[in-house]
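Below is one structure, written out as structure tokens; the observations come after it.
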Ligand code: NDP
Ligand code: HSE
């Protein structure tokens, strides 16, 4: 336990009014849990590390939280820009100097927003002017005093991830100002406070706040750190002004690394330490398939060699992939070779039901965890495979089987745990939605289908896509989670979009075509499910799922609705969901933290 210090730092009294605030800033109540994630320059070290930040955002999104991301500048950008200013003049004008340095955060935030969108999550980039973040005092070490949180609230309620550059604000006259050292951390806390966020996590390159250099022998991590100890700590992982701000507003600050399940928490109460824990070890992995999705997942895994030891990759034709891997010897054609190195995790991305089903069963039977995106297999055999996994103590995760990176299964599971679900309605197939939107823009059916195949949205054999069966399989998986009883695929009434290849009659004015999957329960509790082409009003949630986007509307018994949306097909959105599942397995296989003695 840390000893009480003689020179206790001065702590602000909680909940005093904002100093020098020129206008009242309304705190907003939002419907959902909001988390603010702040990525520092050590996390956004260079463009290659942005994907890691995106995975962290997705981890929160799939837990049902609404996310606001605050970005620092990438790597050494701030220092480089300051040096550049110094090369131009030794007496820089503060506003111009601040504007130049703020470019670093604007640049990184824009890149992060683009990457979040590419991974399938709807993302909106806002800038400090749009949230009217006002500051007072020294233009390069200013204090934030007010902001308008309503644009953020609007976007998060609409289901968008909000991305903001940290560090910068505007003074009374509208000039750019900087929040000084630790400025992006302060932006994150300030925004979290004004958005009513339940959590504010400062994501660092260390997995928490330590009592000594984390690399030194015997350094111990704080589970909890009092405001006073945080301010007095020589480590200064978070600047004192930020801790003081948190203390004043009775906020907790989480300090942790990417993927951390046990960040240090700065807040009220006594400080406590945890014993050092074992370094994570890489998990032995066998990959089945290296195509559209497998290729994306492989890229993510290769960038995390501390967690993934990829032993085997099963494909039909290794020669197609030899130049895509540094070590082509891991490619194999023989299904038995998959188990040669005793994998702890099998990632199934070959599709189909016969070989995939056989290999998954063998893996689970050995107690090996499985991650799959195979809705055809899970709709047919999911109940049996899950029972086998439970018996053998293995994990079987299939998030990507429905909705690409739209966390539909997670949302329905979460809602079903506490509320009555009355009905489900959604656009669940990216290929058909893409074709319908392309046809509305005057493409021919066959051209649009070929383009969907080229973009990697369609199944290897697109019959299930255009016939509505892919959407029906996904609907079965959602119904199972919503209402428990297994819904056989053939109990779904299905019509596809193939008829449009011959004849695409005009759709009523003010409407667009969507292939809609619907399910509800009748008075006896029986599930009624169907997939059909429908005209839906322009501007409706179903119509606003464009191209390969998917959307699910969950109608609840209390009259409320929950809507989840994003990209439902394609390499990166699907790989994001698969990788989130593999990360969950890897975390489950790591040793747990032990409390300090
Ligand atoms: P691809 O056709 O792009 O890739 C399939 C991969 O599996 C290829 O590497 C292929 O190797 C290998 N493979 C296929 N059959 C065999 C076999 N019998 N033996 C050995 N290797 C085999 O498919 P996707 O990546 O698009 O899809 C994979 C899975 O993900 C499917 O279950 C699909 O439904 C699901 N999914 C796909 C989404 C998408 O947007 N594409 C979205 C959500 C889920 P080779 O090239 O040598 O034949
Ligand atoms: N072929 C599927 C689709 C892939 O187009 O939606 C995503 O599951």
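The values are calculated or read from the model by the stated rules, or taken from the named source; none is laboratory data. Here the structure is a predicted model, which means the values were calculated and not measured. Don't worry about glycine lacking a Cβ; one is built from the backbone with ideal geometry, like all the others, and counts go over all protein chains shown.
Points worth noting:
- Flag: residue 542 does not match the condition of being modelled with pLDDT of 95 or more and part of a strand (DSSP E or B).
- Unmet criterion (only one of (1) crowded, with 24+ Cβ neighbours inside 10 Å; (2) away from ligand 2 (no atom under 16 Å from the Cβ)) for residue 434: (2)
- Lone unmet requirement of (1) over 12 Å from the mean Cα position of the chain (by Cα); (2) surrounded by 22 or more Cβ atoms within 10 Å (Cβ to Cβ); (3) assigned to a helix (DSSP H, G or I) for residue 99: (2)
- Of all the listed residues (247, 242), the sole one being at pLDDT 95 or above, in contact with a helix residue (DSSP H, G or I) (Cβ under 7 Å, 6 or more places away or on another chain) and over 26 Å from residue 59 (Cα atoms) is 247.
- Those residues of region 270-306 which are at pLDDT below 95 and under 18 Å from residue 369 (Cβ atoms), in sequence order: 280, 281
- Condition met for residue 452 (assigned to a helix (DSSP H, G or I), away from ligand 1 (no atom under 13 Å from the Cβ) and modelled with pLDDT of 95 or more): no
For (1) surrounded by fewer than 16 Cβ atoms within 10 Å (Cβ to Cβ); (2) more than 16 Å from ligand 1 (Cβ to nearest atom), each residue gets a yes or a no:
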site: 501; (1), (2): yes, yes
site: 524; (1), (2): yes, yes
site: 529; (1), (2): no, yes
site: 541; (1), (2): no, yes
site: 545; (1), (2): no, no
site: 561; (1), (2): yes, yes
site: 569; (1), (2): no, no
site: 579; (1), (2): no, no
site: 584; (1), (2): no, yes
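- Any hit, region 531-552, residues being touching a helix residue (DSSP H, G or I) at 6+ places or on another chain (Cβ under 9 Å), more than 16 Å from ligand 2 (Cβ to nearest atom) and under 25 Å from residue 407 (Cα atoms): no
- Yes/no for residue 415 being closer than 18 Å to residue 545 by Cα and in the same structural domain as residue 465 (by TED's automatic domain parsing): no
- Among the residues of region 378-410, those identified as assigned to a helix (DSSP H, G or I), surrounded by fewer than 23 Cβ atoms within 10 Å (Cβ to Cβ) and either in contact with a helix residue (DSSP H, G or I) (Cβ under 8 Å, 6 or more places away or on another chain) or not assigned by TED's automatic domain parsing to the domain that holds residue 347 (or both) are 380, 381, 382, 383, 385, 388, 389, 392, 410.
- Every test in (1) more than 24 Å from the chain's Cα centre (by Cα); (2) buried (at least 17 other Cβ atoms within 10 Å of the Cβ); (3) more than 17 Å from residue 285 (Cβ to Cβ); (4) near ligand 1 (Cβ under 10 Å from one of its atoms) is passed by residue 332 save one, and that test is (3).
- Number of residues in region 347-363 that are crowded, with 24+ Cβ neighbours inside 10 Å and either assigned to a helix (DSSP H, G or I) or more than 13 Å from ligand 1 (Cβ to nearest atom) (or both): the value is 2.
- Residue selected from region 274-306 under the condition in contact with a helix residue (DSSP H, G or I) (Cβ under 8 Å, 6 or more places away or on another chain) and within 16 Å of ligand 2 (Cβ to nearest atom), by the criterion nearest to residue 225 (Cα to Cα): 297
- Residue ID - nearest to residue 579 (Cα to Cα), chosen from residues in region 307-326 that are at pLDDT 95 or above and out of contact with any helix residue (DSSP H, G or I) (no Cβ under 9 Å at 6 or more places or on another chain): 309
- Hey, residue 525 in the same structural domain as residue 442 (by TED's automatic domain parsing), in a loop (DSSP other than H, G, I, E, B) and touching a helix residue (DSSP H, G or I) at 6+ places or on another chain (Cβ under 7 Å) or not: no
- Hits in region 547-558 - residues which are in a strand (DSSP E or B) and crowded, with 18+ Cβ neighbours inside 10 Å: 549, 550, 551, 552, 553, 554
- Flag if residue 470 is within 16 Å of ligand 1 (Cβ to nearest atom), touching a helix residue (DSSP H, G or I) at 6+ places or on another chain (Cβ under 7 Å) and without any contact (Cβ under 8 Å) to a residue 40 or more places away in the chain: no
- Unique residue being exposed (fewer than 15 other Cβ atoms within 10 Å of the Cβ) and more than 26 Å from residue 357 (Cα to Cα) when the list is 250, 304: 250
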